[in-house]
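This report concerns only the one structure given below.
The values are calculated or read from the model by the stated rules, or taken from the named source; none is laboratory data. Here the structure is a predicted model, which means the values were calculated and not measured. Every residue, glycine as well, gets a Cβ built from its backbone with ideal geometry; the counts of neighbours run over all protein chains shown.
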Amino acid sequence: MKTMIFEQLRRTLAGLVLAGACAATAQAQYIGGDLNLDLDDSGDVFILAADVTLTGRVGGDVDGFAADVTIDADIGGDINMAMADFRQRGRVGGDINVGAADISIGGDVLGEANLGAANINVSGRIQRDLNAGAAAVLLEPSSLVGGDAELGGREVIVRGQIMGETTITGREVRISGEIVGPLEIEARDVYFEPGARIVGPVAIRSENEPVVAEGVVMPEAITIETITWRDREFGDYGGPDFNIQIGPPAWAFASVFAFSAFVLGMLAALVAPRSVGAIAAAFRRRPVSSGFLGLVVFAVSPILLVTLFVLLLITIIGIPLAFILLFAYPVILFLGFAFGGMAIGDLIFNRKGGQAGLGLRTLSFFVAIVAIAALGAVPVLGWVLGPIVLCIGLGAWSIAIFSRAGNGGGQAEAAV
């Protein structure tokens, strides 16, 4: 029965490793200073850079952070980005969710656009809805919104065409374009300039009488309500239905964390290969005990750290050592996480159970850490998997140290 349980555990972990390794390659990432990217990518893309110029084709979504972004590429999915300046001139098959200082939409957007900025300029065609909040919002004569529009800002100018229902909130509103659907305006000053054509019903809530230029086409029945205008304070305007994800995706943090753990673990394996092998062997012999012991060590370690830190501070000569101990604590925890990943990889790939060579150790550790990082990016699962791997590493490390102490300290090297 014990052998069957152990074999089932091995198969389960192997399945998770393969699934995680496949998931880790699902999105390309580009990180740098100034990036000029000419891509032909069918998947998703994540960008973290200062200045970005993107051309070519991206079949999936484009996510990221940057200072200045120009997109001339054909994007099959959504754009979810935060930056200082954003210019879009290519075709976007999905939605645009962007937060920036200045936004310029000049290409075709087949989905909807959710924009938040200081200045927004739209000269392209948006097939679905437009939700825009800024200090100044301008829809150029060439612009077209196929769905509804919700516009908010200190100054809102509409010179293009809006096919659906339009809601405008602003201190000053100027309209010289065409609005086919119902129009609702709340503003201090409203101007219907030459060339304006309003087809649907109009409801205006304004402090001053709307100014209608000669030749403006409007329905006869217009609802006008006089209000006392109050300049909006920060937070008064609900803003657009803004869906941008502020913050890099979880997998980006997981990738950096996993890479660092891999480097630290391999350094330990190069410096003390026998000790690392002893840690992996300890987990193989006592997998359950390693996890529980690691949990105890992890729970007690902060108390021991604080106690030792205070005791060392009491002695003048121990003050430098106290701060060294304080900075070494997170490194020890990080190394424990790396040992946990190494022990799991050894359990799955080292079938013979003996001392693994450097090649097998590197391969098993790499695949295991990639799988752990990929699975750790999954919501909820990541919060559970990370501590489990850490406890396994701390526990197996502790067992290896105690075993060496019981055997007289070993012949050649300490347990790291």
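Of the listed requirements (1) in contact with a helix residue (DSSP H, G or I) (Cβ under 7 Å, 6 or more places away or on another chain); (2) farther than 21 Å from A368 by Cα; (3) modelled with pLDDT under 75, M4 misses just one: (1).
The conditions of being in the same structural domain as G170 (by TED's automatic domain parsing), in contact with a strand residue (DSSP E or B) (Cβ under 6 Å, 6 or more places away or on another chain) and at pLDDT 90 or above are not met by A49.
Restrict the check to the range 142-151 and report whether at least one residue is modelled with pLDDT under 90 and in the same structural domain as A67 (by TED's automatic domain parsing). Please lay out each step first, then the result.
Within the range 142-151, the subset modelled with pLDDT under 90 is none.
No: zero hits.
Working carefully through the options G177, G152, find the one that is in contact with a Phe, Trp or Tyr (Cβ under 7 Å, 6 or more places away or on another chain) and among the small types (G, A, S). Break it down stepwise before answering.
Details: G177 fails: in contact with a Phe, Trp or Tyr (Cβ under 7 Å, 6 or more places away or on another chain).
Within the list G177, G152, the selection yields G152.
Whether a residue is among the acidic types (D, E), surrounded by fewer than 23 Cβ atoms within 10 Å (Cβ to Cβ) and in contact (Cβ under 8 Å) with a residue 40 or more places away in the chain was assessed, and E172 does not pass this test. Looking only at residues of the range 372-385 that are in contact with a helix residue (DSSP H, G or I) (Cβ under 7 Å, 6 or more places away or on another chain), over 14 Å from A338 (Cβ atoms) and hydrophobic (A, V, I, L, M, F, W, C), we find that the one that is surrounded by the most Cβ atoms within 10 Å (Cβ to Cβ) is A374.
For V296, indicate whether it is of a type in the set (V, I, T) and either at pLDDT 90 or above or at positive phi (or both).
Values: of a type in the set (V, I, T): yes; either at pLDDT 90 or above or at positive phi (or both): yes.
Judged against the criteria, V296 is a match.
With respect to the conditions (1) over 34 Å from the mean Cα position of the chain (by Cα); (2) crowded, with 18+ Cβ neighbours inside 10 Å, R188 falls short on a single one, namely (2). If the condition is being surrounded by fewer than 17 Cβ atoms within 10 Å (Cβ to Cβ), touching a residue at least 24 places away in the same chain (Cβ under 8 Å) and in contact with a helix residue (DSSP H, G or I) (Cβ under 7 Å, 6 or more places away or on another chain), then the range 293-328 contributes only L305.
Report yes if some residue within the range 100-119 is in the same structural domain as R174 (by TED's automatic domain parsing), buried (at least 20 other Cβ atoms within 10 Å of the Cβ) and farther than 24 Å from M163 by Cβ; otherwise report no.
Looking through the range 100-119, at least one residue is in the same structural domain as R174 (by TED's automatic domain parsing), buried (at least 20 other Cβ atoms within 10 Å of the Cβ) and farther than 24 Å from M163 by Cβ.
Selection of first residues in the range 348-371 that are closer than 16 Å to R274 by Cβ and of second residues that are acidic (D, E) and modelled with pLDDT under 80, restricted to Cβ pairs under 6 Å at least 6 apart or on distinct chains, gives an empty result. Hey, any hits in the range 161-182 for a residue that's more than 28 Å from G106 (Cβ to Cβ) and modelled with pLDDT of 90 or more? No - not one qualifying residue is present in the range 161-182.
Just one of (1) surrounded by 24 or more Cβ atoms within 10 Å (Cβ to Cβ); (2) of a type in the set (A, V, I, L, M); (3) in a helix (DSSP H, G or I) fails for I388. It is (1).
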